[in-house]
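Trainee: Mind having a look at this structure? Questions to follow.
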Amino acid sequence: AQSVAQPEDQVNVAEGNPLTVKCTYSVSGNPYLFWYVQYPNRGLQFLLKYITGDNLVKGSYGFEAEFNKSQTSFHLKKPSALVSDSALYFCAVRDSYYGNNRLAFGKGNQVVVIP
Amino acid sequence: GAGVSQTPSNKVTEKGKYVELRCDPISGHTALYWYRQSLGQGPEFLIYFQGTGAADDSGLPNDRFFAVRPEGSVSTLKIQRTERGDSAVYLCASSLHETRFSGANVLTFGAGSRLTVL
């Protein structure tokens with residue numbers, strides 16, 4: 001089985017402060033991990049992914065995430081949040097065995113960046 | 001096309017009616033996925049197509065749900081005898097074909113079809 005937990009419903013942060021959105025995962029084997037962002041009335045947009053290699057992954061719009069195997073976490077971070085970063089963020093995982101194409105998403109975190 | 005196109009964007013129907021939702025993937029993307037997103041939840045996998053065939057339909061909730069992709073491009077999700085619990089946003093995504101050596105492909109999502117069953 002594969003699953004994701006995003007423990008916080010909403011993350012509030014002041015503009016210019018660091019932003020962290022938490023994600024922990026569960027898979028049987030090795031994970032492929034993703035972060036997507038969703039703006040109102042728009043589709044999910046890809047931010048970044050971890051497949052293998054360097055644990056720190058850099059993605060779009062200044063976002064990065066760190067893969068931590070021992071803690072089974074893949075927290076999303078941005079050093080300095082913008083008001084335009086306010087959106088719904090989803091972490092997703094799939095077990096990496098060939099032929100598995102099902103992504104398991106978390107319930108999402110609403111990020112509110114306060115001007 | 002430039003992105004994944006889904007129609008209709010909104011559909012309101014009555015309990016018991018039949019509904020079709022259409023997805024037009026990015027040109028050249030052989031993989032197509034349907035997900036369902038209920039209010040306050042993350043997307044939930046329904047079905048995955050590689051080309052014309054459904055490679056994984058394990059997420060379809062019951063036999064009222066069916067999806068086709070007859071020519072390997074456009075896909076239609078069909079829901080028979082709709083129930084109020086079917087109300088959700090139905091998301092379609094597409095990607096390039098994934099091989100053992102390509103790693104995990106990125107899914108490109110459409111804006112979704114919001115289904116409301118009264």
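Trainee: In region B:3-21, how many residues are among the hydrophobic types (A, V, I, L, M, F, W, C) and at pLDDT below 95?
Mentor: Within region B:3-21, the subset among the hydrophobic types (A, V, I, L, M, F, W, C) is B:4, B:12, B:19, B:21.
Retained after the next criterion (residues that are at pLDDT below 95): none.
Adding up the residues that qualify gives 0.
Trainee: Right, another one. Looking for whichever is open to solvent by less than 30 Å² (accessible area, probe 1.4 Å) and within 14 Å of another protein chain (Cβ to nearest Cβ) here; the options are A:V113, A:V37. Which one fits? Give the steps one after another, and end with the answer.
Mentor: Details: A:V113 fails: within 14 Å of another protein chain (Cβ to nearest Cβ).
After applying the criteria, what remains is A:V37.
Trainee: For A:A81, are the conditions met, namely being within 11 Å of another protein chain (Cβ to nearest Cβ), open to solvent by less than 40 Å² (accessible area, probe 1.4 Å) and in contact (Cβ under 8 Å) with a residue 60 or more places away in the chain?
Mentor: Working: within 11 Å of another protein chain (Cβ to nearest Cβ): no; open to solvent by less than 40 Å² (accessible area, probe 1.4 Å): yes; in contact (Cβ under 8 Å) with a residue 60 or more places away in the chain: yes.
In short, no.
Trainee: Could you look through region B:28-41, keep only residues that are closer than 25 Å to B:A2 by Cα and small (G, A, S), and pick out the one that is modelled with the highest pLDDT? Full working, then the answer.
Mentor: We begin by selecting, within region B:28-41, every residue closer than 25 Å to B:A2 by Cα; these are B:28-37.
Remaining after also requiring small (G, A, S): B:28, B:31.
Working: B:G28: 91, B:A31: 94.
Looking at the filtered set, the residue picked out is B:A31.
Trainee: Then there's this: Only residues that are within 18 Å of A:Y36 (Cα to Cα) and either within 11 Å of chain A (Cβ to nearest Cβ) or open to solvent by 10 Å² or more (accessible area, probe 1.4 Å) (or both): list them for region B:15-42, please. Before the answer, list the steps.
Mentor: Here is the first cut: in region B:15-42, the residues within 18 Å of A:Y36 (Cα to Cα) are B:32-42.
Correct list: B:L32, B:Y33, B:Y35, B:R36, B:Q37, B:S38, B:L39, B:G40, B:Q41, B:G42.
Trainee: Shifting gears a bit: For region A:53-71, indicate whether the set of residues that are of a type in the set (S, T, N, Q), closer than 18 Å to A:A87 by Cα and surrounded by 12 or more Cβ atoms within 10 Å (Cβ to Cβ) is non-empty. It would help to see each step written out before you state the result.
Mentor: Taking region A:53-71 first, the residues of a type in the set (S, T, N, Q) are A:55, A:60, A:68, A:70-71.
Remaining after also requiring closer than 18 Å to A:A87 by Cα: A:60.
With the extra rule that they be surrounded by 12 or more Cβ atoms within 10 Å (Cβ to Cβ), the set shrinks to none.
No, region A:53-71 contains no residue that is of a type in the set (S, T, N, Q), closer than 18 Å to A:A87 by Cα and surrounded by 12 or more Cβ atoms within 10 Å (Cβ to Cβ).
The values are calculated or read from the model by the stated rules, or taken from the named source; none is laboratory data. Everything numeric in this text was worked out from a predicted model, so none of it was measured. Cβ sites come from the backbone with ideal geometry, for glycine too, and all protein chains shown count toward neighbours. These accessible areas exclude ligands, DNA and RNA; they are computed on the full protein's heavy atoms, side chains included. Shrake-Rupley method; radii C 1.70, N 1.55, O 1.52, S 1.80 Å.
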